[in-house]
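Below is one structure, written out as structure tokens; comments come after it.
The values are calculated or read from the model by the stated rules, or taken from the named source; none is laboratory data. The model shown is predicted, which means the values in this text are computed figures rather than measured ones. Heads up, the Cβs are rebuilt from the backbone with ideal geometry, glycines too, and the neighbour counts pull from every protein chain shown. Areas reflect the complete protein model, heavy atoms only, side chains present, ligands, DNA and RNA absent. Shrake-Rupley method; radii C 1.70, N 1.55, O 1.52, S 1.80 Å.
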Amino acid sequence: MSRKISGTREWAVAEINCCIGCSYNCRYCYARLAALKNGSIAEPEAWVRSRIDHQATAAGHPRYPGQVMFPTAHDIDAHNLDASIQVIGNLLAAGNRVLIVSKPSLFCIERLCDRFYDERDRLLFRFTITARDDAMLAFWEPGAPVYRERLQALEFACNRDFATSVSIEPMLDGPDIEGLVADCTPYTTHSIWIGKMNKIDERVAVDTPRTAAEVARIRSEQGDWCITAIYESLRKHPLVRWKESIKETVGLELLQESGLDR
Ligand code: SF4
């Protein structure tokens, strides 16, 4: 029987974290909702007060049967950088290949590149860059780095000979996707993934007229007609990959196996 592979499972066979909460506090955050449901946080407002899980940080790891993703339920910021370095080191020590996913802080990426330079053949960076417009980024991802810093981090890691990739998921500015892809392409060695904002009703609290307007804009820009136009404009780009949300719209075959990252 076929099974539907979606979300982070398209990229990794295991998901590793060392924090509860995330200072970036994105409005569409899937991890905040999961933490509310499992009782890790009592209220949505607690999410931004990130705390380190020391047990998870110190934990040893097996050698997983494929690429491992870190982190998946928080980001890497100055507050948890040392803990993140410890976790990545533990994963590498067990022989794993690690996909590091982040809305990148240049300071953190410089530290990671220095620390793991000799193991870079088993690391792949994936930087989440969802728009070029800083006003959109500030609204949807209020604690995360601005566009220029994310692009600088991508350039820095690429110039240090790390494998680099980009995640434009969720795409926050559909009409500007081609420009964003063009900016990222010179510093990307692996792939540029594009995906929709998923489960908006469940994850985004529509608490102000501005939020309602932004949600309406996103819904309109990721309607079938717009997605098909984006797909047609970029389908021949050698680095572009489509997340399951877009594959479904344009009729591409979905992955049957987790962690393939292609
Ligand atoms: S960076 Fe990721 S984990 Fe952090 S708030 Fe944003 S979506 Fe959630």
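Along the charge dipole of region 83-172, pointing to its positive end and built from +1/-1 on Cβ of Lys, Arg, Asp and Glu, which listed residue (Ala131, Gln152, Gly95) has its Cα farthest out?
In region 83-172, that residue is Gly95.
Among Ser23, Ala35, Ala46, whose Cα lies farthest out toward the positive end of the dipole of region 16-142, if unit charges sit on the beta carbon of Lys, Arg (+1) and Asp, Glu (-1)?
Toward the positive end, the furthest listed residue is Ala35.
What is the log10 of I(q)/I(0) for region 56-117, computed with the Debye formula using one identical point scatterer on each Cα and no solvent, at q = 0.12, 0.16, 0.21, 0.29 Å⁻¹?
Normalising to I(0) and taking log10 leaves -0.26, -0.47, -0.83, -1.46.
I need to check one value: relative contact order of the chain, counting alpha carbon pairs closer than 8 Å and at least 6 residues apart, in percent.
22
Taking just the alpha carbons, could you work out the radius of gyration and Dmax for the chain, both in angstroms?
Using the Cα atoms of the chain, the pair Rg, Dmax is 17.6, 50 Å.
From the C-alpha gyration tensor of region 6-101, pull out the three semi-axes of the equivalent ellipsoid (sqrt of 5λ each), sorted largest to smallest, in whole Å.
The three semi-axes for region 6-101 are 23, 15, 11 Å.
Return the Rg/Rh ratio of region 52-179 with Cα-based radii and a Kirkwood Rh.
That ratio is 0.97, to two decimals.
With label points built 7 Å along Cα→Cβ from the Cα atoms of Glu257 and Leu234, find their separation and express it in nm.
Rounded to a tenth, the inter-label distance reads 2.6 nm.
Using the heavy atoms of the protein chains and a 1.4 angstrom probe, tell me the accessible area per residue for the chain in square angstrom.
The answer is 45 Å² per residue.
With only Lys, Arg, Asp and Glu charged, each at its Cβ (+1 for the first two, -1 for the last two), find how big the charge dipole of the chain is about the Cα centre; round to the nearest 20 debye.
For the chain, the charge dipole is close to 500 debye.
Determine the share of the chain's accessible area contributed by carbon and sulfur atoms, expressed in whole percent, with a 1.4 angstrom probe.
50
No solvent, one uniform scatterer per C-alpha: report log10 I(q)/I(0) for region 166-260 via the Debye equation at q = 0.12, 0.14, 0.16 1/Å, two decimals.
For region 166-260, the Cα-only Debye profile gives -0.41, -0.55, -0.70.
Among Ile200, Leu254, Thr189, whose Cα projects farthest towards the positive end of the dipole of the chain, with charges put on the beta-carbon of Lys, Arg (+1) and Asp, Glu (-1)?
Value: Leu254.
Computed on alpha carbon atoms, what radius of gyration and Dmax characterise region 111-151, expressed in Å?
Over region 111-151's Cα set, Rg and Dmax evaluate to 13.4, 38 Å.
Based on the Kirkwood radius over alpha-carbon pairs, what value in µm²/s does the Stokes-Einstein equation return for the translational diffusion coefficient of region 155-217 at 4 °C and 1.567 mPa s?
So the translational diffusion coefficient is about 95 µm²/s.
Using a 1.4 Å probe and counting only protein heavy atoms, arrange Trp242, Trp225 so the residue with the most accessible area comes first.
Trp225, Trp242
Apply the Karplus parameterisation 6.51 cos²θ - 1.76 cosθ + 1.60, with θ equal to phi minus 60°, to every residue of region 115-131 and state each ³J(HN,Hα) to the nearest whole Hz, in sequence, with x for glycine and proline.
5, 10, 4, 6, 10, 5, 5, 10, 10, 9, 7, 10, 9, 7, 10, 8, 6
Hey, how many Å between the Cα centroid of region 84-117 and the Cα centroid of region 176-205?
Going from one Cα centre to the other spans 22 Å.
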